[in-house]
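The values are calculated or read from the model by the stated rules, or taken from the named source; none is laboratory data. For clarity, every value in this text was computed on a predicted model and none was experimentally measured. Cβ placement follows ideal geometry from the backbone for every residue including glycine, while neighbour counts extend to all protein chains displayed.
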Amino acid sequence: MKYLLFGSFFLSLLLSCTPTKNITTGERTEYTQFWRSSLRDSIQKNDYRMMFETSKTNITGICMVKQINDEWRGALINEFGIKVFDFVSTPQKCELIHVISFLDKRVIKKVIASDIQFLMEIDNPEYVRGAQSTRMFVQDTLFINYKNKKELQRLPDQTIIYKNKKRTLNYTFNKIDPDDCDCY
């Protein structure tokens with residue numbers, strides 16, 4: 001019995017003296033604001049080139065967003081100048097208004113409104129899904145994941161990619177610099 005006690009003590013002493021090895025995987029987890037001031041201004045109008053992808057179709061256009069009275073209001077216009085829909089987003093609700101006929105279905109509007117709300121309200125502490133999301137840096141890309149159903153990425157070149165994994169929808173946003181654009 002005394003050898004068992006001595007052996008246990010010696011083994012624990014030996015293991016405690018061995019140096020631990022830190023393995024760096026290039027991932028770090030921390031709370032970081034998704035929206036930088038260079039990507040979204042809460043005072044001015046924000047314009048983005050947007051591509052919406054499904055397994056069957058792609059829609060490209062311009063998304064315009066502005067914060068008015070603590071609500072994010074915006075519109076999506078396709079590349080031919082036809083308004084696809086308007087939206088109003090708060091931490092509690094997102095509503096699509098003036099929806100083009102081929103998207104004016106209850107389920108489609110619900111999914112798109114949920115996706116826009118996640119995108120617009122992710123940094124708002126009152127938005128429940130944003131508070132429950134995990135944030136992680138992998139190299140220079142910020143990933144925000146909500147229950148492995150929704151994923152938001154901010155790439156080093158300031159491209160924003162949103163993936164609705166449940167519905168296999170992808171949204172890509174690139175900020176339009178007003179100095180580089182002759183479209184105004």
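Some points to look at:
- Meets criteria (among the aliphatic types (A, V, I, L, M) and either part of a loop (DSSP other than H, G, I, E, B) or in contact with a strand residue (DSSP E or B) (Cβ under 9 Å, 6 or more places away or on another chain) (or both)) for residue 111: yes
- Taking the criterion of being closer than 17 Å to residue 130 by Cβ and of a type in the set (Val, Ile, Thr), the only residue of the range 150-160 that qualifies is 160.
- If you check 105, 175, 93, 149 for being more than 15 Å from the chain's Cα centre (by Cα) and either of a type in the set (Val, Ile, Thr) or within 19 Å of residue 52 (Cα to Cα) (or both), only one passes: 105.
- Selected residue (criterion: surrounded by the fewest Cβ atoms within 10 Å (Cβ to Cβ)) from residues of the range 28-45 that are closer than 26 Å to residue 165 by Cα, modelled with pLDDT of 90 or more and touching a strand residue (DSSP E or B) at 6+ places or on another chain (Cβ under 7 Å): 39
- In the range 38-63, the residues that are under 27 Å from residue 168 (Cβ atoms) and free of Cβ contacts under 8 Å to residues at least 12 places away in the same chain form Cβ pairs under 9 Å with partners that are surrounded by 14 or more Cβ atoms within 10 Å (Cβ to Cβ) and not β-branched (Val, Ile, Thr), at six or more places apart or across chains, as follows: 58/51; 58/52.
- Selection from the range 48-85 of residues that are more than 21 Å from residue 124 (Cβ to Cβ) and among the charged types (D, E, K, R): 49, 53, 56, 79, 83
Quick grid of which residues meet (1) in contact with a Phe, Trp or Tyr (Cβ under 7 Å, 6 or more places away or on another chain); (2) within 20 Å of residue 150 (Cβ to Cβ):
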position: 51; (1), (2): no, yes
position: 56; (1), (2): no, no
position: 60; (1), (2): no, no
position: 64; (1), (2): no, no
position: 71; (1), (2): no, no
position: 85; (1), (2): no, yes
position: 103; (1), (2): yes, yes
position: 110; (1), (2): no, yes
position: 116; (1), (2): yes, yes
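- For the range 115-151, the set of residues classified as in a helix (DSSP H, G or I) and polar (S, T, N, Q) consists of 117, 132, listed by residue number.
- Annotation: of all residues in the range 152-172 being part of a loop (DSSP other than H, G, I, E, B) and touching a residue at least 24 places away in the same chain (Cβ under 8 Å), the one that is nearest to residue 47 (Cα to Cα) is 158.
- Residue satisfying all of: in the range 149-167; at pLDDT 95 or above and among the polar types (S, T, N, Q); farthest from residue 38 (Cα to Cα) among these: 164
- Leading residue by the ranking (surrounded by the fewest Cβ atoms within 10 Å (Cβ to Cβ)) among those in the range 72-123 that are among the polar types (S, T, N, Q) and under 18 Å from residue 57 (Cα atoms): 101
- Residue in the range 147-159 that is surrounded by 13 or more Cβ atoms within 10 Å (Cβ to Cβ), out of contact with any Asp or Glu (no Cβ under 7 Å at 6 or more places or on another chain) and either of a type in the set (Phe, Trp, Tyr) or under 19 Å from residue 73 (Cα atoms) (or both) present: no
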